[in-house]
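The values are calculated or read from the model by the stated rules, or taken from the named source; none is laboratory data. Note that this is a predicted model, so its numbers are computed, not measured. Here the Cβ positions follow ideal geometry from the backbone for every residue, glycine too, while neighbour counts run over all protein chains shown. When the accessible area is computed, the model is the full protein with side chains, heavy atoms only, and any ligands, DNA or RNA have been set aside. Shrake-Rupley method; radii C 1.70, N 1.55, O 1.52, S 1.80 Å.
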Amino acid sequence: MGLSSDNLFLENLPQPYRNLFRSRLEEVSLPAGTVLYEAEQVPRYAFFITSGLASKMVSMSDGHTAEIGLAGSEGVIPCYYLLGGDPTSPARCIVQTEVTAWRIPFPELRREVQLSEPLRQLVMKCAQRRSMILSQLAACNRLHEAEQRLARWLLTAHDLTGASSILLNQVLLAEVLGARRTTVTLAAGALRRRKLISYRRGHIQILDRARLKEAACECYETVSSLFQNYYG
């Protein structure tokens, strides 16, 4: 898929506004496990990821957690809350693999969205694409097996980062798939036995991307197309 090493949202801002806006951003590097915003709390910052991955997660009262969105260098985090209304949600956003990003105080960006038409239009497009992807993943999580969903997730992660290897332990994998650890172990084991991936001590490497696509559900192609045409 090949997203840019910079942030696609920022690249789509028109000049000279883009340079003026970027001059207000602060560059940060964030390790895996960093919480970008908590559930039911107003985000402190908005982030434009330039490398790495972050997941939007929802936790239930019984402690089970599931991913409802995966973000890389294609947009802004968060985007829905920039459109007005209550800037909180039941979800939290957490860094999955080490992230580099530009950030800006969330209240400042929210005010700027109201003042800048180009910025507001991009935020609306970002929110629309994320809504479409969320709808597809909701169906995927309900209808497809863990092995297919794991293959789909790994391919999407590879698309967003360009990295064929990912450091992600079983606990995090279970959370992003909304499955039990035993289910994730079986799914990863099946892909490993087919020599599609290697999996050792939380380190996953894609060995055969073409065959991994065959193992993934149809949702991968749909989500991939949505990411490729993010601002189309």
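Would segment 46-53 turn up any residue that is in the same structural domain as Met132 (by TED's automatic domain parsing), at pLDDT below 95, within 22 Å of Gln170 (Cβ to Cβ) and not β-branched (Val, Ile, Thr)?
Yes, because at least one residue in segment 46-53 is in the same structural domain as Met132 (by TED's automatic domain parsing), at pLDDT below 95, within 22 Å of Gln170 (Cβ to Cβ) and not β-branched (Val, Ile, Thr).
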Residue identified as more than 30 Å from Pro16 (Cβ to Cβ), of a type in the set (Phe, Trp, Tyr) and open to solvent by less than 50 Å² (accessible area, probe 1.4 Å) among Tyr37, Tyr45: Tyr37
Residue within segment 161-174 that is part of a strand (DSSP E or B), of a type outside the set (Lys, Arg) and buried (at least 16 other Cβ atoms within 10 Å of the Cβ) present: yes
Hits in segment 98-133 - residues which are within 29 Å of Leu168 (Cα to Cα) and either open to solvent by 60 Å² or more (accessible area, probe 1.4 Å) or in a helix (DSSP H, G or I) (or both): Glu98, Phe106, Cys126, Ala127, Gln128, Arg129, Arg130, Ser131, Met132, Ile133
For Arg209: the one exception among (1) open to solvent by less than 50 Å² (accessible area, probe 1.4 Å); (2) within 30 Å of Glu11 (Cβ to Cβ): (1)
Selection count, segment 67-97, where residues are under 25 Å from Val223 (Cα atoms) and either open to solvent by 10 Å² or more (accessible area, probe 1.4 Å) or touching a strand residue (DSSP E or B) at 6+ places or on another chain (Cβ under 6 Å) (or both): 21
Breaking point among (1) farther than 27 Å from Arg92 by Cα; (2) surrounded by 17 or more Cβ atoms within 10 Å (Cβ to Cβ), for Leu154: (1)
Within segment 103-155, tally of residues that are aromatic (Phe, Trp, Tyr) and modelled with pLDDT of 95 or more: 1
